[in-house]
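To start, the structure under review is shown below, and the notes come after it.
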Amino acid sequence: MNILILGSGGRESALAYKLKQSPQTDKLYVAPGNAGTGLWAENVAIDPMNFAQVKDFIIGHDVKMLVVGPEEPLVQGIHDYFLADAGFRDLIVVGPCREGAKLEGSKQFAKDFMRRAGIPTAAYAAFSHGELAQAKAFLRTLKPPYVLKADGLAAGKGVLIEPDLGRAEKALDEMLEGRKFGAASDKVVIEEFLDGIELSVFVLTDGTHYKILPEAKDYKKAGEGDTGLNTGGMGSVSPVAFADAPFMKKVEERIVKPTLERLKAERIPYSGFLFIGLMNVAGDPYVIEYNVRLGDPETEAVLPRIRSDLAELFTAMHRNRLDEVELEVGKEQALCVMLVSGGYPESYKKGFELNGTENVSPGTLMFHAGTAMDEAGRPCTAGGRVLAVTTLAPDLESAMRKTYSEIGKIGFEGMYYRKDIGKDLCR
Ligand code: AMP
Ligand code: GLY
């Protein structure tokens with residue numbers, strides 16, 4: 001069957017890599033893709049937010065499966081758009097409808113949902129424009145540091161963690177009154193701070209049955225030792241040693257099952273990936289956030305470990321028969337390091353040629369993220385996060401050695417990366 005992936009990052013590169021391996025895949029397209037997705041798929045110049053254009057392409061190219069990489073088209077209702085048209089009844093869409101996508105699209109919706117489902121999460125309250133006094137009064141009932149979140153989508157930048165009350169109140173002023181994040185911060189969620197280690201858990205579900213994918217840890221801070229500014233993610237590892245069987249059992253019983261049961265009880269159909277961002281607080285999992293898609297760069301470490309045919313899993317999901325297929329996962333350690341443009345996540349230059357990518361050893365996976373072809377047809381940098389480099393090895397130490405030695409062969413002007421991905425998890 002012909003498959004169309006929407007998106008242009010490292011996550012979509014990894015999806016293309018994995019779907020290309022499926023015997024079910026005939027033609028594979030990525031819209032708009034990047035300089036690397038062209039290795040496994042054909043790039044098509046379509047904006048994922050232009051649903052009519054996506055539809056025309058699907059009709060014109062006999063596409064049977066639509067895999068939505070990023071959250072925005074889902075939050076804007078791309079799945080509903082196709083469901084509303086009887087001609088697309090058989091189209092397999094990977095990603096939830098608008099109502100389910102609110103789990104990511106609105107922080108308050110997600111928190112209220114968790115409260116109704118009895119899912120462990122940080123204490124919170126939500127405030128709208130005009131409720132500044134009440135918001136400040138709630139802040140004073142909490143202990144520092146203070147967690148403030150813009151309610152809507154803010155490109156991963158809408159969360160502020162402030163060390164003291166003065167800074168938290170100032171940030172609140174800027175969000176609620178100054179519209180710091182535009183409409184996204186017309187409403188603000190204030191949360192209790194959770195102290196622990198983060199973990200990303202991905203679930204593929206048809207709304208009734210589910211498969212828990214290998215867990216991963218993302219390194220969000222720009223600097224070594226988890227210092228500096230927040231980024232989209234500077235690297236990832238999978239598996240994660242502390243997520244042992246007893247911990248994952250807690251995740252399944254206290255979070256995955258109640259989430260899916262509550263979605264069903266509230267008649268919110270859900271098919272696709274659910275990404276649960278967790279905090280391990282002294283051995284117990286708490287939900288920080290839901291996302292309605294795969295994580296980036298977690299996907300670049302998770303998908304290479306999956307042995308099963310991803311297209312087959314998606315097909316079974318569409319038939320509400322995820323229980324009939326097996327999810328087979330390799331035991332090896334995956335370690336992914338993001339090579340980023342100098343200056344990221346603040347301003348950076350683009351358009352630099354990628355050097356040495358042809359020298360990496362077989363088995364090294366290079367997932368392009370912010371890359372494009374220059375006028376001469378050579379791959380060059382076109383974003384903050386440029387290239388995700390993943391290797392697989394029997395253990396974490398060897399995966400670190402392997403990934404970093406491969407990175408030594410690659411370069412572009414201003415290239416930066418964290419040299420400590422995985423180090424905190426070494427014994
Ligand atoms: P989010 O966009 O909700 O994932 O938040 C971004 C980051 O802020 C998370 O990855 C955490 O590192 C941090 N964070 C969010 N909520 C909390 C919380 N309640 N306690 C501690 N850290 C948090
Ligand atoms: N790596 C975190 C995210 O994709 O949101």
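For region 347-427, the spread of Cα coordinates along the three principal axes comes to 46, 30, 16 Å, biggest extent given first.
A crude spin-label estimate for the pair S308 and R267, with each label 7 Å from Cα along the Cβ direction, gives 3.0 nm.
Does region 258-343 come out rounded, prolate or oblate by the C-alpha gyration tensor, with a ≥ b ≥ c the root eigenvalues, rounded set by a/c under 1.5 and, if not, prolate when a/b is larger than b/c and oblate if not? Cα axes put region 258-343 in the oblate bin.
For region 145-163, backbone nitrogen atoms closer than 15 Å to the point 7 Å from D112 Cα along Cα-to-C-beta are found at 151-152.
Ordering P297, G272, L327 by the projection of their Cα atoms onto the charge dipole of region 258-368, which places +1 on the Cβ of Lys and Arg and -1 on the Cβ of Asp and Glu, puts G272 at the extreme positive end. Sorted into 10 angstrom bins from 0, the C-alpha pair distances of region 186-232 split as 19, 31, 35, 15, 1 percent.
Assign one of three labels to region 217-266, namely rounded, prolate or oblate, based on the Cα gyration tensor with a ≥ b ≥ c the square roots of its eigenvalues; rounded applies when a/c is under 1.5, prolate when it is not and a/b is larger than b/c, and oblate otherwise. Oblate shape, in that a/c is at least 1.5 and b/c is the bigger or equal ratio. Ranking P163, W40, G235 by Cα position along the charge dipole of the chain, where only Lys, Arg, Asp and Glu carry charges on their C-beta atoms, puts P163 farthest toward the positive end. Helical content alone sets the calculated 222 nm signal of the chain at -7000 deg cm²/dmol, taking -39,500 (n - 2.57) per DSSP H segment of four or more residues and averaging over every residue.
Stokes-Einstein diffusion of region 120-248 at 20 °C, 1.002 mPa s viscosity, Kirkwood radius from Cα pairs, rounded to a whole number: 129 µm²/s. Net charge around E72, counting only other residues with Cβ within less than 12 Å of its Cβ (Lys, Arg = +1; Asp, Glu = -1)? After counting each charged neighbour, the total is -1.
For the chain, DSSP calls about 80 percent of its internal beta bridges antiparallel. Rg and Dmax of region 190-335, based on Cα coordinates, read 15.4, 45 Å. Taking the square roots of 5 times each eigenvalue of the Cα gyration tensor of the chain, largest first, gives ellipsoid semi-axes of 31, 27, 23 Å.
Can you give me the C-alpha center-to-center distance between region 1-23 and region 70-140, rounded to a whole angstrom? Here the answer is 26 Å between Cα centres.
By the count of other C-beta atoms within 10 Å, a proxy for reagent exposure, E104, E72, E300 are ordered fewest to most as E72, E104, E300.
Working note: Cα gyration tensor of region 3-59, eigenvalues times five, square-rooted, sorted largest first, giving semi-axes of 18, 13, 8 Å. Remark: for residue pairs K102/K349; K27/K211; K111/K250; K149/K217; K27/K331; K250/K402, the C-alpha separation exceeds 24 Å in K102/K349; K27/K211; K27/K331; K250/K402. Cβ crowding within 10 Å ranks K111, K419, K331, K250 as K331, K419, K250, K111, fewest other Cβ atoms first. In percent, rounded to a whole number, the relative contact order of the chain is 17, using alpha-carbon pairs under 8 Å and six or more apart. Centroid-to-centroid, using Cα positions, region 155-204 and region 344-416 are 31 Å apart. Residue order for S308, S200, fewest other beta carbons within 10 angstrom first, comes to S308, S200.
What shape does region 285-427 take by its C-alpha gyration tensor, where a ≥ b ≥ c are the square roots of the eigenvalues and a/c under 1.5 counts as rounded, a/b above b/c as prolate, and the rest as oblate? Prolate is the answer for region 285-427, as a/c is 1.5 or above and a/b outweighs b/c. The Cα atoms of region 1-135 define a convex hull whose projected area, averaged across directions, is 11.0 nm². Relative to one another, the C-alpha centroids of region 224-249 and region 304-327 are positioned 25 Å apart.
None of the figures in this text is laboratory data; all of them are computed from the coordinates on show. It should be emphasised that the depicted structure is a prediction, and the values quoted were computed from it without experimental measurement. Ideal geometry is used to build each Cβ from the backbone, glycine not excepted, and the neighbour counts take in all protein chains shown.
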